[in-house]
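The structure appears below as structure tokens.
The values are calculated or read from the model by the stated rules, or taken from the named source; none is laboratory data. Note that the structure is a prediction, hence the values are computed from the model and not measured. Here Cβ is always computed from backbone atoms with ideal geometry, including for glycine, and neighbour counts include all displayed protein chains. Side chains are part of the model used for accessible areas, which takes the heavy atoms of the whole protein and leaves out ligands, DNA and RNA. Shrake-Rupley method; radii C 1.70, N 1.55, O 1.52, S 1.80 Å.
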Protein chains: 2
Amino acid sequence: MSLDPSIRDRIISSVDQGFDEQVAFTQDFIRFPSTRGAEHSVQDFVFRALRDRGYAMDRFEMDQDAIERHPGGAPFTDKHSRAPIVVGIHRPREEKGRSLILQAHVDVVPTGPAAMWTHPPFDPVIEGDWLYGRGGADMKVGHAANLFALDALRRIGLQPAATVYVQSVVEEESTGNGALMTHLRGYKADAVLIPEPESEKLVRANVGVLWFQVEVRGVPVHVRTMGSGANAIDAAYRVIGELRRLEEEWNAEKADHPYFGDEPHPLNLNIGKIEGGDWASSVPCWCKIDCRIAIYPGTSAEEAMRRISDRVAAFARSDRFLGNMPPSVTFNGFQAEGYVLEPGSEAEAVLGRAHQVATGKPLETFMTAAYLDTRVYALYDKVPALCYGVHGENIHGFDERASLASTKRITKAIALFVAEWCGTEAVKV
Amino acid sequence: MSLDPSIRDRIISSVDQGFDEQVAFTQDFIRFPSTRGAEHSVQDFVFRALRDRGYAMDRFEMDQDAIERHPGGAPFTDKHSRAPIVVGIHRPREEKGRSLILQAHVDVVPTGPAAMWTHPPFDPVIEGDWLYGRGGADMKVGHAANLFALDALRRIGLQPAATVYVQSVVEEESTGNGALMTHLRGYKADAVLIPEPESEKLVRANVGVLWFQVEVRGVPVHVRTMGSGANAIDAAYRVIGELRRLEEEWNAEKADHPYFGDEPHPLNLNIGKIEGGDWASSVPCWCKIDCRIAIYPGTSAEEAMRRISDRVAAFARSDRFLGNMPPSVTFNGFQAEGYVLEPGSEAEAVLGRAHQVATGKPLETFMTAAYLDTRVYALYDKVPALCYGVHGENIHGFDERASLASTKRITKAIALFVAEWCGTEAVKV
């Protein structure tokens, strides 16, 4: 049942009214260099923003034991963030509608060499329609859109007629443990919306993601006799070759997986980091590679991890050098499974109507090959988990940027979605 | 003209007499963890050892400008050692013989992971004939042999009848700037002996060595769209492949170079260190490799550097990704040329006789594929530069060790060589 057209129009113009303030807030948000582990101050910023709006507040640490016991939890390393999770809670006067989790993450990926950026990475420069900055599109723009969508309702005297949890998490870019922690803390709702930068489309299917490190060891010798030594950098490259063969085998199975068959290469293996050797004149005796690989929905993380470990072990046995000292495989991040948003849910229909009003176009769906926190709610709460958000460019790259026009459309769509999904009531006085 | 047999016998038994003290001194020497840049304290240890023996002392810094202007000098980086050079000077009562430089270096190569050592790397354990420790065989054992060879003469009331410079340098393992600095400071002699661990053989020919770093840059993207990005780690491996082709071409020219034609693979390229990328989930936008390659004697460092730079540039132009952002090639260490010790010198004949007496065997010569500081004196002073020393194993590897029996033989050979080359006179009282 659609929203009343007069409420609809008032919501849209209310988002327009608040948009300058929303952009300024988003710029302040981007100024926090909140890379992994450095999200303490930005979470305090979010906490104040929610508390000042009158939400009931919950702020909590990760529970490492509970997370590591959970099949979707990732192991902790010394790089794991210790920043808190922040939840702002809206409780209506009367619970009439359907409850909702609005979630976003504050952690951002590394900037890479600052010299490759046109503007400094955490300087939120606006040029035309583009708002620049590391972690803007992904996803402080969406994070702010959640807040300002609710603000737009309030501006016209309305609030959701159901419980809404506004959740601000960390560790989305490395383990997914932040979203899992809100689940373990007991937060549940009838639907979840996470406005990741999905170019105004809804994610229909999503890969799982594993992180792992392979460490190769060898026997160093003087370069003058290098024929008799083993070069760990060369050996690591042979391991990479074998992992690429595994990647191709997995991609060859794509037709067996709905929503994946038409993708040219749905599962990507990334060799993201490499370190090896001590200096130019010694044959290197160690090399470590940090890898990220995607898996199909329906494949368990455990099964995929075993296939990777077994594959590396079998390859090592066939290699003259690696056979003597087999490489170690350590899973040191995401152990996340993929999910499919089954078509036909009421939540999707409501978002479709909101999107149509906000953008004038029907809502498209697609498969995305990246990790998404929505997996926690899709897999473990089995509720509609909607990942849908702004149009951005250079996500994880240099000169990351978000479209401001798209930001406004998305904010309208979220506000309309909340109003219809939760229903509305007059603001408490 | 050979040494008088009675002097010869007294020298040999004097080395035997002092050997326990020599071994204890060498163990103290090995306890200094004198990796690159960390040689200050060990140079003070050497300074005291020379001063206490009555040598005139000179201690001086590197002259960066003078070194970088010299064709055999290597550029300074922030890793370059700032430790001083130490020279102990023996001046005879009457200059009757031929002058001599006895040289050794105190810098040692990195240990690699300490867990791969049987004993801690700087713990000079003796087991049977073996003295263990990083930088023992290469070359604190030889360094001590220089001192104790002169001590052995003194013990029987003799000293060289010519000027002898006992030189203790740094930067032998990375630039060769230490030896070059002694040359620039004006130290010259009629011959030079450097007791590197050459298994009791004399180096006839020696490669030149270049260090360089290749840095690849690329455009990072989110892993979900990695097809459109460029992976700098993969690109670095393609550059390595091209460098290996260059290496094979250079090795194919070996027959044109005397003393190299019979070596299976005289010129080695080592990829000694690699670093790239920031973390598993971003397509890496940078990768750096540190390389070391050898060149034939007679090839100028400048010419070889140009061939490497040109080759990388040409390869980059042919590569879809590298063509957009060509890799940089930086020469950041050795720019050292090789040398040949021309047969027939009187210095070689004297060393041959000393060796025959000390070991009972004729002196063999060979080509070595490692950098040697002797190149400074061979190339720029054009004097006989003898590289000859102890038998060691696992040089630059784990469990580096030197043979004590060989150490004693080498010390005798050095003492006999000094006595015949410089002549002897009674110790000053």
Test B:Asp151 against the stated conditions and say whether it is open to solvent by 10 Å² or more (accessible area, probe 1.4 Å), in contact with a Ser or Thr (Cβ under 9 Å, 6 or more places away or on another chain) and away from every other protein chain (no Cβ under 14 Å). yes
Looking at the stretch A:86-127, which of the residues that are more than 13 Å from chain B (Cβ to nearest Cβ) and small (Gly, Ala, Ser) is nearest to B:Gly277 (Cα to Cα)? A:Ala104
Positions within the stretch B:362-383 being assigned to a loop (DSSP other than H, G, I, E, B), more than 11 Å from every other protein chain (Cβ to nearest Cβ) and in contact with a Pro (Cβ under 9 Å, 6 or more places away or on another chain), in sequence order: none
Look at A:Tyr165 and say whether it is assigned to a loop (DSSP other than H, G, I, E, B) and open to solvent by 10 Å² or more (accessible area, probe 1.4 Å). no
Return the residues of the stretch B:389-409 that are in a helix (DSSP H, G or I) and either open to solvent by less than 30 Å² (accessible area, probe 1.4 Å) or touching a Phe, Trp or Tyr at 6+ places or on another chain (Cβ under 9 Å) (or both); say none if nothing qualifies. B:Leu404, B:Ser406, B:Thr407, B:Lys408
With respect to A:Gly73, determine if the residue is closer than 26 Å to B:Ala232 by Cβ and within 16 Å of the chain's Cα centre (by Cα). no
Within the stretch A:118-155, restricting to residues that are of a type in the set (Phe, Trp, Tyr) and in a strand (DSSP E or B), the one that is farthest from A:Ala358 (Cα to Cα) is A:Tyr132
Just a yes or no: is a residue in the stretch B:252-273 open to solvent by less than 20 Å² (accessible area, probe 1.4 Å), of a type in the set (Val, Ile, Thr), within 8 Å of another protein chain (Cβ to nearest Cβ) and free of Cβ contacts under 8 Å to residues at least 40 places away in the same chain? yes
State all residues of the stretch B:194-206 that are over 11 Å from B:Ala378 (Cα atoms) and under 14 Å from the mean Cα position of the chain (by Cα); if no residue qualifies, say none. B:Ile194, B:Pro195, B:Glu196, B:Pro197, B:Glu198, B:Val203
Can you confirm whether the stretch A:48-70 contains a residue that is in contact with a Pro (Cβ under 8 Å, 6 or more places away or on another chain), β-branched (Val, Ile, Thr) and at pLDDT 95 or above? no
Kindly indicate which of B:Gly72, B:Gly97, B:Gly54, B:Gly18 is open to solvent by 50 Å² or more (accessible area, probe 1.4 Å) and either at positive phi or touching a helix residue (DSSP H, G or I) at 6+ places or on another chain (Cβ under 7 Å) (or both). B:Gly54
Considering residues that are open to solvent by less than 30 Å² (accessible area, probe 1.4 Å) and touching a helix residue (DSSP H, G or I) at 6+ places or on another chain (Cβ under 8 Å), the number found within the stretch A:297-315 is 2
Report yes if A:Gln159 is closer than 25 Å to A:Ala354 by Cβ and open to solvent by less than 10 Å² (accessible area, probe 1.4 Å), otherwise no. no
Report, by residue number, each residue of the stretch B:342-382 that is open to solvent by 10 Å² or more (accessible area, probe 1.4 Å), farther than 25 Å from B:Gly186 by Cβ and not hydrophobic (A, V, I, L, M, F, W, C). B:Pro343, B:Gly344, B:Glu348, B:Gly352, B:Arg353, B:Gln356, B:Thr359, B:Gly360, B:Lys361, B:Pro362, B:Glu364, B:Thr365
How many residues are within 14 Å of another protein chain (Cβ to nearest Cβ) and either open to solvent by less than 50 Å² (accessible area, probe 1.4 Å) or at pLDDT 95 or above (or both) if we restrict to the stretch A:316-341? 10
Which of the residues that make up the stretch A:34-51 are in a helix (DSSP H, G or I) and open to solvent by 40 Å² or more (accessible area, probe 1.4 Å)? A:His40, A:Ser41, A:Asp44, A:Arg48, A:Arg51
What's the number of the condition A:Leu386 fails, among (1) more than 14 Å from chain B (Cβ to nearest Cβ); (2) open to solvent by 10 Å² or more (accessible area, probe 1.4 Å); (3) part of a strand (DSSP E or B)? (2)
Going through (1) surrounded by fewer than 23 Cβ atoms within 10 Å (Cβ to Cβ); (2) part of a helix (DSSP H, G or I); (3) touching a residue at least 40 places away in the same chain (Cβ under 8 Å); (4) of a type outside the set (A, V, I, L, M) one by one, A:Lys412 fails only at (1)
Out of the residues in the stretch A:57-68 meeting the condition of being touching a residue at least 60 places away in the same chain (Cβ under 8 Å) and assigned to a helix (DSSP H, G or I), tell me which one is least open to solvent (accessible area, probe 1.4 Å). A:Ile67
Provide a single number: the residues in the stretch A:75-88 that are open to solvent by 10 Å² or more (accessible area, probe 1.4 Å) and in contact with a Phe, Trp or Tyr (Cβ under 7 Å, 6 or more places away or on another chain). 2
Is there a residue being within 14 Å of another protein chain (Cβ to nearest Cβ), among the small types (Gly, Ala, Ser), farther than 19 Å from A:Met139 by Cα and open to solvent by less than 40 Å² (accessible area, probe 1.4 Å) anywhere in the stretch A:180-200? no
